[in-house]
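Following: one structure in structure tokens, then a few remarks.
Values in this text are rule-based calculations from the coordinates and carry no lab data. This is a predicted model, so every value here is computed, not measured. Reconstructed Cβ throughout: ideal geometry from the backbone, glycine too, with neighbour counts over all protein chains shown.
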Amino acid sequence: MNKNNAEINIGEFSRGALADNKLRENLRKATSTALIKRDEAVKISGPSFERSRERAIAERNVSICSLRELTARFCKNAEARGVRTFVFDDYVSALNEITKIIKEKGAGYVVKSKSMISEEIGLNDHLRANGIEPVETDLGEFIVSLAGESPSHLTAPALHKSRRDVAELFAAKLGVKYTENVEELAMIARKYLREKFLDAKIGISGANFAAADNGVISIVENECNARLSFGYPQTHIAVFGAEKIISRFSEMGSFLDILSKSATGQIANAYTSFVGACEEGHERYFIIITKNRYKIADDPVFSEALRCVRCGACQNICPIFQRISGHGYGFTYAGPIGIALAPFFLGYEKCSELIEASTLCGFCKKICPVKIDIPSLILEHRRRYYEDPSIVKTPFKKAKKIFSYIHSKIMSGPFLSSLIPPFIRLYFKASKYLGGRNYIPLWDKYEKRHFMDMPEKTFMERYFKK
Amino acid sequence: MKVSLFVPCIINHLMPDSAFSAINVLEKCGVSVGVEKFQVCCGQPAYNMGIYDHAKIFAEKFVRLYEKASCDKIVVLSGSCVSMIKKNYKSLFLGQAPSWLEKVSEFSEFLYSEGLYKKLKLKYRGAVFYHKSCHLLNELEIDKEPKSILSSINGLKIIEAKWHENTCCGFGGAFAATLPDLSIDIGNSKLDFILSKGVNNIIAGDAGCITHLKSLAMACDYKLNFYYMADFLDMCSN
């Protein structure tokens, strides 16, 4: 979640991020590699990818409509398998339940596999405050937690870091010999984590999808750390949002197919686990978070945002994400889909600039495996921002509305709009005379952006003169 | 074939020659071109800012002006205006947008759909970079049309970005003023990419991209020639 209460300021963040050449290079490399791999995987799979897309969309459209009912059905079926289930609408109750379970088992630490919802609800901070150490076991998560940072991408948490960054981090924090060899780095993490796994009493994971008809969740990964997290310790707690629930287990294949291809460009993930049973001597808990999910599901425009499978493809292709990474968005779910979700969680006042962080280029909509029309959702946020009188508008937004008002009054009339070009030409002449350039407030960044000269006559003036 | 030409604000005010080029090209294809004297902005700026009330003022003007126009097609010299008219008017009019809006056609889409471009004798010696304007590519899915037209130019070498390198120019309308640093940076990356391909002629399907990229190129003193699609076709058909 957004840690402080200030408005998300992308402009300020971007200036810092753009000046950081190392970060730029890391982001450029990571996102373009991800895009190339995704494209190859999609090409190899031929028409099957498109079929999976359509099946996944159809399934999600159905399940979003009956999310409350599916949540109840999922819980019933999971309970029948011996899993304890909890549904919480607020983070605090969920966090308290999780810590209660951990404390009952007398665990001093927990092993965690990758989970964005644990970021959303602020699980790590809460655990630390209760004297429980969260040990991130996904390599990317391990790196960012070691660095004291938050994940910068939905599926690649350490996307913003280069090999060298990781080498320096490991040498400094783990007291190991400096090495840039990827295999050696992975082995260092593995050795450290293996010991943690051996003594772990509790493992916490997320879930990629959950099937209501049999109460089984699926978890995909490439490092086997999730399997160790939910399979090895005696107690497993899976935390996930209600939007992960689909109606039929038989449809899960389509989702797993589009997820692995869109996220990491793999035909299939290295490990796909279906978790539902509860073996002798083991305990399993499913904690389902419904916060804002039902609200979004009921929204006639935004319900399609819940189709999201959290693959991160829209982030990889977004020219803005490529420059500021997930850290610039000030919200757990970053990138284009994050903009579509954030106002529901943070409110419009905090997101007034966030909803502007899109050129509406539409590449996110094109790459999205479940074809969420993200640009339209962003536009809808912009509309609601202005149309809701209870939202306190920022001065910049007020100025925009005034500009738009004047624009609509003048430019909608052929006569008034014909008076504008001579006025602008005169203004430019004056501004050139006084400041040596075509000065336009807000546009002007003289060292980087010159405004073109206005031609002597507009097209209309010339065309209708003859 | 009779068409009415819709001239977007940017072309009207900043690139009037491009509209004349478009008329030349259309006339060379045997199309008779008319221009509505009282045309106004399509309303896209207000719509993209989220101020639908203001956008609707323009949308209503557009509908009132063109519903009477006697023409086979309304040819628009911009991809983003077409997506505004054909797609966004639907949400402004709550699904009640008139069906004749289907008559609206983007310039290259029109030349291609009627096979008209084949009537042009196009030749050019050299290479160009073709920038796929986002609304044209992603909202309208017009891609093969401009490419087929450009491929029909004798002697022309077209240089394109691979799909993952093909990004927005960074303009984004109000975005360029709201988050100028990002806008400029995205645009400069685009220019660097084009320069790395060793071309100095750039064709784009939207005047917005051209104004933005040109502003940045001017600040860097890059010697680049920018052409709107119609400019280039007009030049090649002489």
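Relative to its residue count, the range A:277-340 spans a Cα convex hull of 140 Å³ per residue.
I'd like to know which of A:Asn26, B:Val63, B:Gly30 lies farthest towards the positive end of the charge dipole of the protein assembly as shown, counting +1 on Cβ of Lys and Arg and -1 on Cβ of Asp and Glu. My answer, from the dipole projection, is B:Gly30.
Phi angles of the range A:231-242 translate, via the Karplus equation with coefficients 6.51, -1.76, 1.60 and θ = phi - 60°, into HN-Hα couplings of x, 8, x, 5, 10, 10, 10, 9, 10, 7, x, 4 Hz per residue; Gly and Pro are given as x. With contacts taken as Cα pairs under 8 Å at a separation of at least 6 residues, chain B carries a relative contact order of 22 percent. Computed from the C-alpha gyration tensor, the three semi-axes of the ellipsoid equivalent to the range B:120-236 are 24, 16, 12 Å, from longest to shortest. Per residue of peptide B:4-14, the mean number of Cβ atoms on other chains within 10 Å of the residue Cβ is 4.
Annotation note: GluC sites (Glu not before Pro) in the range A:394-466 located in DSSP loop regions with a Cβ neighbour count of at most 14 within 10 Å are A:Glu447, A:Glu456. Projecting label points 7 angstrom from Cα along Cα→Cβ for A:Glu183 and B:Ser32 puts them 7.7 nm apart. Per-residue Karplus couplings for the range A:65-71, computed as 6.51 cos²θ - 1.76 cosθ + 1.60 with θ equal to phi - 60°, are listed in order as 5, 10, 4, 4, 5, 5, 4 Hz, Gly and Pro entered as x.
Across all Cα pairs in chain A, the calculated P(r) in 20 Å bins from zero up to the longest distance comes to 22, 51, 20, 6, 0 percent per bin. Rounded to the nearest Hz, the phi-derived 3J(HN,Hα) couplings of the range A:400-409 under the Karplus curve 6.51 cos²θ - 1.76 cosθ + 1.60 (θ = phi - 60°) are 4, 5, 5, 4, 5, 5, 4, 4, 5, 6, where x marks glycine and proline.
Note on chain B: dipole from Cβ charges, positive end direction compared against B:Thr167, B:Gln39, B:Val75; the farthest Cα belongs to B:Val75. Using R₀ = 56 Å, calculate the FRET efficiency as 1/(1 + (r/R₀)^6) where r is the Cβ-Cβ separation of B:Arg64 and A:Tyr271; round to 0.05. It comes to 0.35. In chain A, Cα pairs under 8 Å separated by at least six residues give a relative contact order of 21 percent.
Helical content alone sets the calculated 222 nm signal of chain A at -16000 deg cm²/dmol, taking -39,500 (n - 2.57) per DSSP H segment of four or more residues and averaging over every residue. Averaged over the residues of peptide A:451-459, the number of Cβ atoms from other protein chains lying within 10 Å of each residue's Cβ is 6.
Sorted from greatest to least, the principal axis extents spanned by the alpha carbons of the range A:379-459 come out as 45, 35, 20 Å. Looking only at B:His212, B:His135, B:His13, which one moves most when chain B is put into a Gaussian network model with springs between Cα atoms under 10 Å? For chain B, modelled as a Gaussian network with Cα springs under 10 Å, the answer is B:His13. All C-alpha pair distances within the range A:65-294, sorted into 5 Å bins from zero, spread as 1, 7, 14, 18, 20, 17, 12, 6, 3, 1, 0 percent across the bins. Magnitude of the charge dipole for chain A, about its Cα centre and with charges confined to Cβ atoms of Lys, Arg (+1) and Asp, Glu (-1), is about 1800 debye. Put simply, the Cα atoms of the range A:129-218 extend 50, 28, 28 Å along their principal axes, the longest span coming first. Loop-located trypsin sites (Lys or Arg not before Pro) in the range B:65-105 (DSSP state not H, G, I, E or B) with no more than 11 neighbouring Cβ atoms inside 10 Å: B:Lys68.
Rounded to whole Å, the principal axis extents of the Cα atoms in the range A:161-205 read 33, 20, 18, largest first. Taking every residue in A:405-417 and counting other chain Cβ atoms within 10 Å of its Cβ, the average works out to 6.
In summary, the range A:1-129 shows an alpha-carbon radius of gyration equal to 1.51 times the 2.2 N^0.38 Å reference for compact globular proteins. The relative contact order of the range A:65-294, computed from alpha carbon pairs under 8 Å that lie at least 6 residues apart in sequence, is 30 percent.
At a 10 angstrom cut-off on C-beta neighbours, averaged per residue, how do the peptides A:54-63, A:356-365 rank from highest to lowest?
Details: A:54-63: 18.4, A:356-365: 26.0.
Highest mean packing first, the order is A:356-365, A:54-63.
Computed extension length for A:Ile402-A:Lys43: 124.4 nm, one decimal, from 0.36 nm per residue of separation with the Cα-Cα distance subtracted.
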